[in-house]
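Below: one structure, written as structure tokens.
The values are calculated or read from the model by the stated rules, or taken from the named source; none is laboratory data. Just so we're clear, the structure is a prediction, and the values are computed from it rather than from any experiment. Glycine gets a Cβ as well: all are built from the backbone with ideal geometry, and neighbour counts include every protein chain shown. With ligands, DNA and RNA removed, areas are computed over all heavy atoms of the protein, side chains included. Shrake-Rupley method; radii C 1.70, N 1.55, O 1.52, S 1.80 Å.
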Amino acid sequence: MSMDIDAPVALPSRPLIPQDSATILCCNCGSPIDGTSAAGALCYDCVKLTVDISEGIQREATLHICRDCERWLQPPAHWITASPESRELLALCLRKLRGLSKVRIIDASFIWTEPHSRRIKVKITIQQEAFQGTILQQTFEVEYVVAYHQCPDCAKSFTGNTWRAVVQVRQKVPHKRTFLYLEQLILKHSAHKETINIKEVKDGLDFFYAQRNHAEKFVDFLTSVAPVRSKKSQELISMDIHTSTKSYKFSFSVELVPICKDDLVALPIKLAKQIGNISPLTICYRVGTSVNVLDPNTLQTADVSTPVYWRSPFTSLADVQELVEFVVMDIEPIGPQKGRFLLAEATVARSSDLGTNDITYFTRTHLGAILHPGDSVMGYHLTGTNFNNPNFEALEQSNAYSSSIPDVILVKKSYARKKKNKSRNWRLKRMNKDEGEMLPKKQDQERMERDFEMFLRDVEEDTELRSTLALYKAQQEKKEQDRMEGLETASVAETEQTEDGEEVPKMDMEELLDEFNELDVHDEE
């Protein structure tokens, strides 16, 4: 009988602890630990459970925001701009916590909260040495309460006479067309965003600012877009005799050139020879950083720069309010074409003389590309008109120029439209202006509406002028709402025709901009 012998079984060997290390038990859980490296006779798990390295760091704090300008308060008195969940706002949140400078910050991030809850939560990860040779890492959350607090700048904006600098823009002309164009340039480039108030006065506008450098920046903008000259003055408001600290109010006077588009200009003979020997009797066809004039007899153009003008200023001979309507009897192109101008010889008669007499006038014009027999055209009637202008008197007495003064100077084509057009598919934004204590009279209100309608027609007819403005698509359903917000709105239409069937200049939809409004969330019923 054989006897089965089991095979030898290998027993697991117990790890041998080096003889040079002392093994002790954790005083909390009884786990064996190295007594030479364990601090406080605690294992690593017990250290994490019993030691709190975030002790002394705030778990709740308050952030202050100005609801008007949406800036955040950085103590003690500095206001900064920070978008939601941005690096700037996260840095502000970390600076608000006391005791955070004693630990090392590993990571910090935002935790999503409801936008209307006025709460901001931040998740922070920190490290600190708990005992000698033991470094702990811990993550915790901090909740911030968002409170509203009005900043000093916004508080000043709601209080009268708190401005520090004012820019007074003036132009001594009987209409507001130049200011309407300047207003559109300001809106397009957002040059008015730092103003605290805009006040409308007799001959212009006053822009009020809380800081002098903002006013200087606006003056530089005006200098870059229009021919102006400026003067600066300051008034002492208060002075501390102990520290010699003074407080001033600054005033910047900006005067625009009193010459507008389509004005008849009689240049000084000496100046006309200096800028290219142009004929002194010209038409202003554009006003940019300089005054651009045109001789309708030869299509010669010249630029009168701002320094040259203010060295020897002059006024216009006649403005658009003195234009007379003529009817083209015959027209024949004779000369070269320069851009949109084509030299032509035309025979015209006053509209008021038709059926009364047969007086006609022969003249040269730069509108040969757009005028046809039977069209209406606006121009200046020089025959029998007395001008109280020394430059024009010098022309009449000059042997070289007295014989070249025409009877009629044609300026622009006229379209038989309604008195107030309500069929435009575009609109312009308007600035919110303070009309002051005295409301405009009825006749002044009618004059302002007439000037604005004339400016809108200039925008439709002049492509160069249109290219410098920001035009928006009209929205019929929001007409009343936009009017309450200070926007001039027109109805939607694609074409408009005169009584003769000729199309009036219109806007292409590709030239118009879409106005983006803030997204509003509405619950569906």
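The orientation-averaged projection of the convex hull spanning the C-alpha atoms of segment 46-201 amounts to 13.6 square nanometres.
Of all chymotrypsin sites (Phe, Trp or Tyr not before Pro) in segment 142-227, which ones are in loop regions per DSSP and have a Cβ with at most 13 other Cβ atoms within 10 Å? Qualifying residues, ordered by number: 158. To put it simply, the accessible area of segment 284-431 at a 1.4 Å probe is 47 percent carbon and sulfur.
Here the accessible area is traced with a 1.4 Å probe on the protein chains. For segment 186-239, carbon and sulfur cover 45 percent of it.
If the label point is 7 Å along Cα→Cβ of residue 467, which residues in segment 222-257 have backbone nitrogen under 19 Å from it? In segment 222-257, the label zone of residue 467 (backbone N under 19 Å from the point 7 Å along Cα→Cβ) covers 225-226. Cβ-Cβ distance of residue 119 and residue 139, R₀ of 25 Å, FRET efficiency by 1/(1 + (r/R0)^6): the value works out to about 0.85.
Using a simple spin-label model with pseudo-atoms 7 Å out from Cα toward Cβ, residue 383 and residue 78 lie 7.6 nm apart.
Calculated FRET efficiency, residue 235 to residue 51, Cβ-Cβ distance, R0 = 56 Å: about 0.30 to the nearest 0.05.
For residue 85 and residue 369, FRET efficiency with R0 = 45 Å and r from the beta-carbon atoms, rounded to 0.05?
Values: r = 58 Å, r/R0 = 1.28.
Using R0 = 45 Å, I get an efficiency of 0.20.
The residues of segment 318-364 present an accessible area of 56 Å² per residue when probed at 1.4 Å with all protein chains retained.
With every protein chain kept in place and ligands, DNA and RNA left out, what is the accessible area per residue of segment 107-189? Probe 1.4 Å, answer in Å².
Result: 54 Å² per residue.
The distance between label points at residue 150 and residue 220 comes to 3.2 nm (points 7 Å beyond Cα on the Cα→Cβ vector).
The stretch between residue 106 and residue 28 holds 25.1 nm of extra length on full extension. This uses 0.36 nm per residue minus the Cα-Cα distance. When Rg and Dmax are taken over the Cα atoms of segment 257-315, they come to 10.0, 28 Å. In segment 239-366 the Cα-Cα distances spread across 5 Å bins starting at 0 as 2, 9, 15, 16, 15, 12, 8, 6, 4, 3, 3, 2, 2, 1, 1, 1, 0 percent of all pairs. Extension gain for the segment residue 448 to residue 245, taken as residue separation times 0.36 nm less the Cα-Cα distance, is 68.5 nm to one decimal. Calculated on the Cα set of segment 59-106, radius of gyration then Dmax: 11.6, 37 Å. In the complete set of protein chains, residue-level accessible area for residue 248 is approximately 60 Å², probe 1.4 angstrom.
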